[in-house]
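**Student:** Pasting a structure here, questions to come.
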Amino acid sequence: MAAHDDAGEFIDSDFQRAGYLTPTTASTTGPLPNRPPTREEIEAMVSEKQIKLAELKRAQEELERERAGLEELRRRQIEFHTGREEMRVNLTRGLGLLEEAEVTARRDAEQMARQLEEFRDALSKVQAINEHVWSQENVSMELARASTTIENARMEWNAARLKFPILSTAPAPTTEAAQKLTGNPLAADFLQLCKMGFAFNWPLVLLGLGIFLLLLLRH
């Protein structure tokens, strides 16, 4: 009974769970479980959180760099696929157009080569006509033959003009023809100057004529 009445040995279990121990008991059982943290502990926790935040920031920056790299890679892949498809279409179309143009140009060149030969042959036949060697006996026959040659050459020329538009271009006039068309340039200039002088001076002429008539009437 005396053992239960000893105050030094009696410890309330509720006080133990709440953490209210006597200094003697606290010193023997360790630190209080529910005590507030000290300043040093708070500074340590703040430092730890700052370190974690810095690590998270570095991780975020690294992720941003990786994301930017992936975005650039995706953009380049899109440009690659788009450019490849564009060039595939353009080159395929270009090949078709150039092949068609090549065939047309080769055909035109072949036709032009044949036409050149026909022109040379027709020109040689026209130049071979020499009326000075005709006689009275064969002039009618030679004239008919020459006319046929000229007509065949004309037909050849007209047919070629339809195939080659460049043949329809009018030749530039020669110097003599240009002078005939324009006339004497000095005479044209003098006439033009006379017209301009009359246009500028006709009021003066009329004024002088009026003064002359007025003086004549007074006399």
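Where a number appears in this text, it was derived from the coordinates with a stated rule and is not lab data. Fair warning: this is a prediction, and the values are worked out from it, not measured in the lab. Counting neighbours? That spans all protein chains shown, and the Cβs are built from the backbone with ideal geometry, glycine included.
**Student:** Go through the stretch 144-175 and report how many residues are part of a helix (DSSP H, G or I) and under 49 Å from the mean Cα position of the chain (by Cα). Explain how you work it out, then say what you get.
**Tutor:** Kept after step one, since they are part of a helix (DSSP H, G or I), are these residues of the stretch 144-175: 144-163, 165-168, 175.
Adding the requirement that they be under 49 Å from the mean Cα position of the chain (by Cα) leaves 154-163, 165-168, 175.
The number of residues fulfilling the criteria is 15.
**Student:** When you scan the stretch 116-143, how many residues do you find that are surrounded by fewer than 11 Cβ atoms within 10 Å (Cβ to Cβ) and assigned to a helix (DSSP H, G or I)?
**Tutor:** 9
**Student:** Here is a follow-up. If you go through the stretch 95-124 one residue at a time, how many are of a type in the set (Ser, Thr, Tyr) and either over 30 Å from ARG145 (Cα atoms) or within 36 Å of the chain's Cα centre (by Cα) (or both)?
**Tutor:** Final tally of qualifying residues: 1.
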